[in-house]
Each structure stands twice: as structure tokens, then as C-alpha cells.
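Working notes, structure below.
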Amino acid sequence: MLSYVSGAFDRFRTPPATREDQNIRRLMLQTALAGVVNGGIATFLPIFLVRLGATPVTVSLLTALPALLTILFSLPAGALVARWTRLVPPSARWYYGLRFCYLAVAIVGLLDPTWAPALIIVIWGLSAVPSTFANTAWYSVLAEAVSPRRRPAVNGVRWALLGLISAASVAAFGQLLETLPFPGNYLLVFVLSFAAGILNVWFYSQIEIPDRPFPPVSPSPLPLRAQAAEL
């Protein structure tokens, strides 16, 4: 009798979450927090530079300089990531470096506005270096974290969630900027973006994927004299 009752309850018991289910939850939380970052510092930093008196050329470097550094570091990043046997821990460290650039921007915003824009441009440009290394590993992490069968649905929900949270964050931060005095209002937005970014990386660091095998060691080429002897 007891075994019958236990079996009946087992039908309604929630099955334990698989590693893939846990990874998907972490990806969703990571994506939601990325939406806060997009709606915060990524949206309002150009406006902050204009309020500080930055020239149009300076504001354009906010996009141009990170793009240039991304191009320069893409090939070295690919070569380095190819040697990693564990993808998540080292790429998470690069992501943390990127997030701390947000905090550095907020600190620089407290300094003299005559040269703060130039220093912010330098920090934002250098943030492309850790971003390039981390994003190079990201696609491999996603491929290992979610099976091909579930990946389209997961990515669809992630993109929808990112757009929704980004839009809500832009509206909320816009109201915050209207309420508080300048420049503290912008600096608070940047600090909140930093906090959301740190949580974003923490959830990313919890993703569990199998280790990759060590890359094969290519044989060293024979000296020219040895090659001639074989001929």
C-alpha cells in the first residue's frame, strides 16, 4: 500500500533539473542583466560625454576606437582561446576586466571635465581588449552549454528578453537622470551598470560545460640539413 502511494506521488514530483536546464537558467539571468547594462552605460555614455563638452570627433571615437582594437586583437584572441581546455573560467576573468572598465568610467567622471572625456574614451577603447577575448570564447561556451535541439528556442527567448529588459532599463534610467542633479545622476547609472555587469559575469561563470582536450602539439619542422638528407 505504501509503495503504491509513493509511486502515485512520484508521478507529480518535478524531475531533477539537468545540467543543461541549469545552464539555460543561468543564461537567461545573464541575458537579463546584460539588458540592464545595455540600457545603462551603453546607452547614456555618449550623452554624458556631450554634457561634459566633448567634441563630435571625441564622441565618434567612442565607437571607432573599440572597433579598431577589436579588429587588431581578434586573431590573437582566437589563437589564445584555442589553447584553453576550460573555456568558462578564463573567459569570465576577461569579462570581469570589461565590467571594471565601467567602474573606471564612473570614477573618471568625477574628475576635471576639461580632460575627463579624453580619458573616458581611452578607457572605453581599452575595454574592447577584454571584450574581444571573452566574446571569442562565448560562442563555444554557448555551443557546449545548450544542445543543438534546444538552442534556437533558447536564443529566441534570450534575444526577446534582452530587448525587453534593455527597453525597460532605458526608461527607468532616463527617469533617474531627470530626477537627480548632474553629474551624479549619470555616475549613479554607470555604477548600477557596473553592479549589473558583475552579476552578469557571475551567472556566466556558473555555466558548466565539459573540458576540452588539450590541443595537439604540431611536430617541429626538421632542420634544412635533415630534410636534404631525407631527399
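The values are calculated or read from the model by the stated rules, or taken from the named source; none is laboratory data. Please read these numbers as outputs of a predicted model, since none were measured by experiment. So basically every Cβ, Gly included, is an ideal-geometry build from the backbone, and we count neighbours across all protein chains shown. Accessible surface areas use protein heavy atoms only, side chains included; no ligands, DNA or RNA. Shrake-Rupley method; radii C 1.70, N 1.55, O 1.52, S 1.80 Å.
Condition test on Pro56, is it more than 29 Å from Pro213 (Cβ to Cβ), crowded, with 16+ Cβ neighbours inside 10 Å and either touching a residue at least 24 places away in the same chain (Cβ under 8 Å) or not hydroxyl-bearing (Ser, Thr, Tyr) (or both)? Reasoning before the result, please.
Details: more than 29 Å from Pro213 (Cβ to Cβ): yes; crowded, with 16+ Cβ neighbours inside 10 Å: no; either touching a residue at least 24 places away in the same chain (Cβ under 8 Å) or not hydroxyl-bearing (Ser, Thr, Tyr) (or both): yes.
In short, no.
Residue by residue, here is whether (1) at pLDDT below 95; (2) closer than 30 Å to Trp138 by Cα holds:
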position	(1), (2)
Leu187	no, yes
Phe190	no, yes
Val201	no, yes
Ser205	no, yes
Asp211	yes, yes
Ser220	yes, no
Gln227	yes, no
Leu231	yes, no
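Just to be sure I understand, how many residues within segment 65-84 are over 16 Å from Gly125 (Cα atoms) and not aliphatic (A, V, I, L, M)? Steps first, answer last, please.
Step one: list which residues in segment 65-84 are over 16 Å from Gly125 (Cα atoms), which gives 75-84.
Filter once more, keeping what is not aliphatic (A, V, I, L, M): 76, 78, 83-84.
Qualifying residue count, segment 65-84: 4.
Of all residues in segment 16-32, which are touching a residue at least 40 places away in the same chain (Cβ under 8 Å) and not charged (D, E, K, R)?
Answer for segment 16-32, where residues must be touching a residue at least 40 places away in the same chain (Cβ under 8 Å) and not charged (D, E, K, R): Gln22, Asn23, Ile24, Leu27, Met28, Leu29, Gln30, Thr31, Ala32.
Search segment 148-165 for residues that are open to solvent by less than 70 Å² (accessible area, probe 1.4 Å) and pair each with any residue that is assigned to a helix (DSSP H, G or I) and at pLDDT 95 or above when their beta-carbon atoms are under 6 Å apart and the residues are at least 6 apart or on different chains.
As it stands, the answer is Val154/Ile24; Arg158/Thr31; Leu161/Thr31; Leu161/Ala32; Leu162/Thr31; Leu162/Gly35; Ile165/Ala32; Ile165/Gly35, since those pairs meet every condition given.
Just checking, does segment 156-167 include any residue being closer than 27 Å to Val81 by Cα, of a type in the set (Gly, Ala, Ser) and assigned to a helix (DSSP H, G or I)?
Yes.
Which one is farthest from Ala79 (Cα to Cα), of the residues in segment 129-143 that are in contact (Cβ under 8 Å) with a residue 60 or more places away in the chain and either surrounded by fewer than 17 Cβ atoms within 10 Å (Cβ to Cβ) or polar (S, T, N, Q) (or both)?
Per the stated criteria, the residue is Ser131.
Filter segment 98-122 down to the residues that are open to solvent by less than 30 Å² (accessible area, probe 1.4 Å) and in a helix (DSSP H, G or I) and list them by number.
Scanning segment 98-122 gives Leu98, Arg99, Cys101, Tyr102, Val105, Ala106, Val108, Ala116, Pro117, Ile120, Ile121.
Under the condition of being open to solvent by 60 Å² or more (accessible area, probe 1.4 Å) and in contact with a helix residue (DSSP H, G or I) (Cβ under 9 Å, 6 or more places away or on another chain), which residue from segment 173-186 is farthest from Arg25 (Cα to Cα)?
Phe182
Please note which helices (runs of 4 or more DSSP H) are completely contained in segment 1-96 and include at least 3 residues that are at pLDDT 95 or above and more than 26 Å from Ser147 (Cα to Cα).
Ranges flagged: 19-39, 41-51, 56-81.
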